[in-house]
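One structure below.
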Amino acid sequence: MSQEPNYKADLVGVFGHPVAENPTIVMLEAAFHAANLNWRYLTIEVLPEDLAAAVTGMRAMQFQGINLTIPHKVSVIPLLDDVESDAKLIGAVNTVRKDGNRLIGENTDGKGFLRNLREGAGMDPGGKRFVFFGAGGAARAMTVELALAGAESLTIVNRTPERGEPLAQLIRENTPAHAEFVHWNHPYSIPADTDVVVNATSIGLFPDVSEKPDIDYDSFSDSMVVCDVIPNPPQTAFLDEARLRGARTLDGLGMLVYQGAIGFTLWTGKEPPVEVMRQALAAAFD
Ligand code: NDP
């Protein structure tokens, strides 16, 4: 006896504006295909004034979840039924999952970085000293997750004090980690006892591939792990400087892959095919 046909796919995707260049579809569709799941990832343009209607629509169409990108990561919060405590602290949601009929907000940006650190460099953040360049959305998610995971200290180096100082204060007041803000108005020299250095600015993103943060690069040492958030190109001028000085490096492509892999598991409950996802994304950036 042949099986009844089932043409209904499970739907997920991303709401953003502008969203056309968001590459997440490439790795999620590759993952669904590899895992033999009848799921679809849709890249959906949603204007800020239409976000509430879009969330009502995804409920009506029984989406299994959604990613949020610029400019929706903060404004989606009041539209959800609950938000995980780390995402509440970060103040932004980039992934929504369904729990029965309830929509739950998560933030996987920082978690993707943590998993890349653990899997890619074999390093646990517990007791480690971090220097971060940047204090935007990515830096906020990463530093909060690191502080919650037991990092000893976080130095936040940022050009604009109005963004850097409140982030250091948020971490000091809500986690056991030490956090300090440094105003970035001169080439910054990395303290020798630093374990991990992270570029969490947008400097070096395609097409500005020759740009790099204003750092005294001779302060890098071979005992440091140096990480970049820039996924495209994964090989940045910043990471080149680190590698020249013998440091281990982690690129932003790995972070993005793990961020997507965490979303895959939140939605499907299954193990993510990480290598398939990495290859699909790398090919998209080629
Ligand atoms: P935001 O716009 O929120 O923050 C950008 C940060 O970069 C700010 O701290 C800003 O400083 C700083 N910055 C930008 N240009 C300069 C400059 N010329 N000199 C000094 N500082 C500068 O962006 P996001 O935090 O959302 O994203 C940052 C980068 O992270 C993007 O390139 C994005 O693609 C990447 N990203 C990667 C992810 C991954 O998984 N690999 C995930 C999320 C983001 P100031 O406060 O002074 O303006």
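Some notes on this structure:
- Residue check for I25: of a type outside the set (D, E, K, R), assigned to a strand (DSSP E or B) and open to solvent by 10 Å² or more (accessible area, probe 1.4 Å): no
- Tallying residues that are out of contact with any Asp or Glu (no Cβ under 7 Å at 6 or more places or on another chain) and touching a residue at least 60 places away in the same chain (Cβ under 8 Å) within the stretch 99-112 yields 3.
- Strands (runs of 3 or more DSSP E) enclosed by the stretch 186-286 - at least 2 residues per element that are without any contact (Cβ under 8 Å) to a residue 40 or more places away in the chain and within 16 Å of the ligand (Cβ to nearest atom): 225-228
- In the stretch 74-98, the residues that are over 16 Å from V12 (Cα atoms) and of a type in the set (K, R): K88
The values are calculated or read from the model by the stated rules, or taken from the named source; none is laboratory data. Predicted, not measured: the structure shown is a model, and the values here were computed from it. Using ideal geometry, Cβ is built from the backbone for each residue, glycine included, and neighbour counts are taken over all protein chains shown. These accessible areas exclude ligands, DNA and RNA; they are computed on the full protein's heavy atoms, side chains included. Shrake-Rupley method; radii C 1.70, N 1.55, O 1.52, S 1.80 Å.
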